[in-house]
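Please treat every number below as a calculation from the coordinates, not as lab data. What you see is a predicted model, and the numbers here were worked out from it, not measured in a lab. Cβ atoms come from the backbone with ideal geometry, glycine included; neighbour counts cover every protein chain shown.
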Amino acid sequence: MDSMSEFEGRVALITGGARGQGRSHAVALAERGADIVLCDRCADSPVVPYPLATEADLEETAAAVRATGRRCLTAKLDTADRPAMDELVAQAHAEFGRIDIAVANAGVSVAAPIQAMTEAQWAEAIGSNLTGVFNTVGAVAPGMVARGYGRIVTISSMLGRAGNTNMAAYSASKWGVIGLTKSAALDLAPHGVTVNAIAPGNISTPMIHNDFLYGLMRPDLEHPGADDVAPIFQSLHAQPVPWLEPAEITRVVLFFAAEASAHISGTVLPVDAGNAGRVT
Ligand code: NAD
């Protein structure tokens, strides 16, 4: 049941929480009573063709969390850096005593046809999207096992169930997240810890609304705008909608994070405007 005090006394870690979907999850969990631990790399990558979040974005999310009356611990870190993740979790344990909920949300999109994809693009996608999820789950799991309670949510993609042009690295990383999620769910099943994945469709964040992706979709136009790419985004969904709001993913995060979802683990829930009907 979704009540405004449902997560009172809980502590939630959200990676990639400076903006986009991560910010939406953090604020929603705080509004329902959870203290929040946020991290984001707050720096661009030479192979990610759109700007990543900034330190100001991270502070804006933290301010929104604190405005709900909850505490917020922030760290500027790369989830691919395991010692940094371990240190953040140790700090969270020292300050808040526990982490009950972890949302492994941080991720990047890189794009190139396989015949032109560089090692650096591959390494960035696998590092941020797959190793970053491993590091997040690996860092929080021991404390959750020790307390016999945890709710871990990973973020895959509809490209974790299919492929697409230019998307070999991204798609491989997101298929990997599903394998990791299912295996982690089995490892943690005896310990009161659930692990579930969400597979979003097109979500309205800077990851899809950027000049690079717009240009890739409409090479025929000099300065394509959102209206020019909307039909292409829509064709990736089955329902006639080009993109969904982060709040639609947040509702599923809240569902998996709930204490009452104790016996739902190892699942993948698509939120992709019906595209799930086309894939296994
Ligand atoms: P976004 O770019 O707005 O947010 C991603 C955040 O993660 C950014 O703040 C970025 O700075 C941070 N980040 C990236 N790499 C990081 C790293 N290695 N360490 C720490 N922080 C890092 O995009 P979003 O749509 O909010 O993406 C959230 C998640 O949803 C990602 O895993 C993404 O792959 C996934 N997803 C997005 C879509 C979409 O259409 N937007 C679709 C399917 C899945």
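Values as computed for the structure displayed
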item	result
At 1.567 mPa s and 4 °C, Stokes diffusion of the range 57-96 via Kirkwood alpha-carbon radius, µm² per second	117
Relative intensity, log₁₀ I(q)/I(0), of the range 228-280 from a Debye sum that treats every alpha carbon as a point, q = 0.16, 0.26, 0.28 Å⁻¹	-0.59, -1.02, -1.08
Packing-based order for 79-90, 7-18, 46-57, 222-233, using average beta carbon neighbours within 10 Å, highest first	7-18, 79-90, 46-57, 222-233
The range 90-187: chymotrypsin sites (Phe, Trp or Tyr not before Pro) falling in loop per DSSP and having at most 16 other Cβ within 10 Å	none
Cβ-Cβ FRET estimate between Arg66 and Gln115, R0 fixed at 51 Å, reported to 0.05	0.60
Local electrostatic count at Ala125 - Lys and Arg +1, Asp and Glu -1, tallied over other residues with Cβ under 12 Å	-1
Estimated [θ] at 222 nm from DSSP helical runs (n ≥ 4, -39500 (n - 2.57)) normalised by residues in the chain, nearest 500	-13000 deg cm²/dmol
Dipole of the range 153-257, positive direction: furthest Cα of Phe212, Val229, Leu244, with charges on the beta-carbon	Leu244
Quarter of Cα convex hull surface for the range 77-145, i.e. mean projection, nm²	5.0
Bins of 10 Å from zero: percent of alpha-carbon pairs in the range 106-197	18, 44, 25, 11, 2
Cα-based shape type of the chain, given that a ≥ b ≥ c are square roots of the gyration tensor eigenvalues and the cut on a/c is 1.5	prolate
Mean Kyte hydropathy of -1.0 or more with a Cα span along the axis of at least 27 Å, helices from DSSP in the chain	168-188
The chain, relative contact order in percent, only Cα pairs under 8 angstrom and at least six apart counted	18
Net charge, Pro242 excluded, C-beta distance under 14 Å - Lys, Arg +1, Asp, Glu -1	-4
